[in-house]
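Accompanying notes for the structure given below.
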Amino acid sequence: MIDWFITLINYRPDALSVWSDPIVKERLSHYYSVMKNEKPARFLAAKLLPLDIDPYSPSVSVEELWRLHDKMSIEFEGFYRDLSQGGLGKLEASEKPRFSYLDLKVALAYRLMNPCRLCERRCGARRLEGRPGVCTMDKEIIVHSYFHHMGEEAPLVPSGTIFYGGCNFKCVFCQNYDISQVNPRGGEKLSTRELASIQVYLRRSGARNINHVGGEPTPHLPFILESFKYVDVNVPQLWNSNMYMSEDSMKLIVDIIDIWLPDLKYGNNDCAWRLSKVRNYWEVATRNIKIAHDHGDIIIRHLVLPNHIECCTRPVLEWIAKNTPRSLVNIMDQYRPEHIVAKYPHMYRDIARRPKASEILEAYRIADELGIVYKPVS
Ligand code: SF4
């Protein structure tokens, strides 16, 4: 009932009609089943796979935890398949173990945070001791806002979006610069139980998914995983990210995220360094997006930057066509010069304007030529 009410007040006809497209339905089939409560979300299953030890005990080494994780990650695939065959009924009838595969992930995530190597900056901040990293985050969960986002891709809305503070990128054109760079710590400080309550509220009031975004969700990964322990509603979990996380972070979330919404911004490392101050962007982002694609449902976003068609848009689309053929793609045309670019346009002349219609059309033309599916979600 509430679901329908929210849909009505935020009516977006494309959000309903997009599911009549067979390609969208097939490529997002896992997400669709969880959204419709035909199948459990993966994090709920992770809470039911029993773990024999207490992973939070300081006497268990990190090597031992990873050994167990590698073993259980294989077991989890079969476990999830069996559990989801029974719809939600089997899930509800299952007994909750004292410690689970999810606890193992939570324990490992907190260890990765001190010194921090959650993302490939590997800045080593001792965050649990209150020392912030390059992303400006320490041991506190900072949330700036949460609501039903109606501006996301059609299969996702209403999207129960949670905006976390801070970011490991320093994009000079950031469209969310207030929460990522200027005032990242200005949001509300929450406990993991409060973060879980927000997710339950968003789902019960009609959200199709929980959309973790920012800023960037990666610095908050341990808190997000811990919050799943207290989320008791079935809801697809969506990771909306620059995908600059470390391989270990990726291992912790790859099998419990239901749908991925990554950015692939740049087609080379020089543009990434000049505009976002990150090294090895191409290798890291493509590695992680490929892993996400091979494990789950995915919509890849590419924001078209003015004057960057040949150096960024073309190689990005070519890589997607070759390496992640199951992905849906959103070619985004809404770039505006913001933040540092708006203040010092003479330093960033190439991106100090909106993209021209001819540039957007050229991006579409390249995508068409490569056989990329972008229209239903753009
Ligand atoms: S998530 Fe933040 S603190 Fe951790 S390595 Fe990345 S930038 Fe540093």
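The values are calculated or read from the model by the stated rules, or taken from the named source; none is laboratory data. Everything numeric here is computed off the predicted structure, so don't read it as measured data. All Cβ positions, even for glycine, are placed from backbone atoms using ideal geometry, and neighbour counts span all protein chains on display.
Values computed for the structure shown
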{"item": "Only listed residue being surrounded by 14 or more Cβ atoms within 10 Å (Cβ to Cβ) and within 18 Å of Asp263 (Cβ to Cβ), chosen from Glu362, Glu318", "result": "Glu318"}
{"item": "Subset of segment 270-281 [free of Cβ contacts under 8 Å to residues at least 40 places away in the same chain and buried (at least 20 other Cβ atoms within 10 Å of the Cβ)]", "result": "Ala272, Tyr281"}
{"item": "Every residue from segment 147-181 that is of a type in the set (A, V, I, L, M) and in contact (Cβ under 8 Å) with a residue 60 or more places away in the chain", "result": "Met150, Ala154, Leu156, Val157, Val172"}
{"item": "Any hit, segment 263-272, residues being within 24 Å of Cys123 (Cα to Cα) and in a strand (DSSP E or B)", "result": "yes"}
{"item": "Subset of segment 206-264 (residues that are closer than 24 Å to Ile179 by Cα, surrounded by fewer than 24 Cβ atoms within 10 Å (Cβ to Cβ) and among the acidic types (Asp, Glu))", "result": "Glu226, Asp263"}
{"item": "Residue list for segment 131-167, restricted to those being within 12 Å of the ligand (Cβ to nearest atom) and on the phi < 0 side of the Ramachandran plot", "result": "Arg131, Pro132, Gly133, Val134, Cys135, Met137, Asp138, Lys139, Tyr164, Gly165, Cys167"}
{"item": "Test set (1) within 16 Å of the ligand (Cβ to nearest atom); (2) not in a loop (DSSP other than H, G, I, E, B) - Cys123 fails condition number", "result": "(2)"}
{"item": "Single match in Leu65, Leu128 (criterion: surrounded by 15 or more Cβ atoms within 10 Å (Cβ to Cβ), within 16 Å of the ligand (Cβ to nearest atom) and either in a helix (DSSP H, G or I) or among the hydrophobic types (A, V, I, L, M, F, W, C) (or both))", "result": "Leu128"}
{"item": "Candidate set from segment 92-119 (those that are touching a residue at least 60 places away in the same chain (Cβ under 8 Å) and more than 16 Å from the ligand (Cβ to nearest atom)); member that is nearest to His30 (Cα to Cα)", "result": "Leu102"}
{"item": "Criterion violated by Phe223 - all others in (1) more than 15 Å from the ligand (Cβ to nearest atom); (2) in a helix (DSSP H, G or I) satisfied", "result": "(1)"}
{"item": "Ala207 being farther than 24 Å from Ser246 by Cα, in a loop (DSSP other than H, G, I, E, B) and away from the ligand (no atom under 16 Å from the Cβ)", "result": "yes"}
{"item": "Qualifying residue in segment 278-286 (condition: touching a helix residue (DSSP H, G or I) at 6+ places or on another chain (Cβ under 9 Å) and at pLDDT below 95)", "result": "no"}
{"item": "Contacts under 6 angstrom Cβ, first residue in segment 17-38 being without any contact (Cβ under 8 Å) to a residue 60 or more places away in the chain, partner charged (D, E, K, R) and outside any helix (DSSP H, G or I), 6 or more apart", "result": "Ser33/Lys39"}
{"item": "Hits in segment 82-108 - residues which are within 17 Å of Tyr230 (Cα to Cα), of a type in the set (A, V, I, L, M, F, W, C) and part of a helix (DSSP H, G or I)", "result": "Leu91, Leu102, Leu104, Val106, Ala107"}
{"item": "Test result for Glu194, of a type in the set (Asp, Glu), away from the ligand (no atom under 13 Å from the Cβ), assigned to a helix (DSSP H, G or I) and modelled with pLDDT of 95 or more", "result": "yes"}
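Every residue, every condition in (1) in contact with a helix residue (DSSP H, G or I) (Cβ under 7 Å, 6 or more places away or on another chain); (2) buried (at least 23 other Cβ atoms within 10 Å of the Cβ), yes or no:
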residue: Cys119; (1), (2): yes, yes
residue: Cys123; (1), (2): no, no
residue: Thr136; (1), (2): yes, no
residue: Ile142; (1), (2): yes, yes
residue: His148; (1), (2): yes, no
residue: Leu156; (1), (2): no, yes
residue: Lys170; (1), (2): yes, no
